[in-house]
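Here is the structure we will look at.
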Amino acid sequence: QDRMDTEAKPSAPRPRCLERQVQPCAAELLGSALFIFIGCLAVLEDPGGTGRLQPALAHGLALAVTVAVLGDI
């Protein structure tokens, strides 16, 4: 007889507390810190005439680089 048909497949292990709660919070904290840091650096030395464009481009570039680097994770 086929034992494969009667045996139950093992279920996937439940995610631990670290994977469910700590990792998403750490990722959110690091992402927010990155964007705040980039935004502060973008307006630190305003060469004049850029207005809101320079911080917007800095945040957009930071987001594009982050997605390009970490998109496969």
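What does the accessible area per residue of segment 15-72 come to in Å², with a 1.4 Å probe and no ligands, DNA or RNA counted?
With all protein chains present, segment 15-72 gives 82 Å² per residue.
Could you look at segment 15-72 and say what percent of its accessible area is carbon and sulfur, using a 1.4 Å probe and all protein chains?
69 percent
The values are calculated or read from the model by the stated rules, or taken from the named source; none is laboratory data. What you are looking at is a predicted structure, and each value in this text was computed from that prediction instead of being measured. Note: accessible area is taken over every heavy atom of the protein model, side chains too, but ligands, DNA and RNA are not part of it. Shrake-Rupley method; radii C 1.70, N 1.55, O 1.52, S 1.80 Å.
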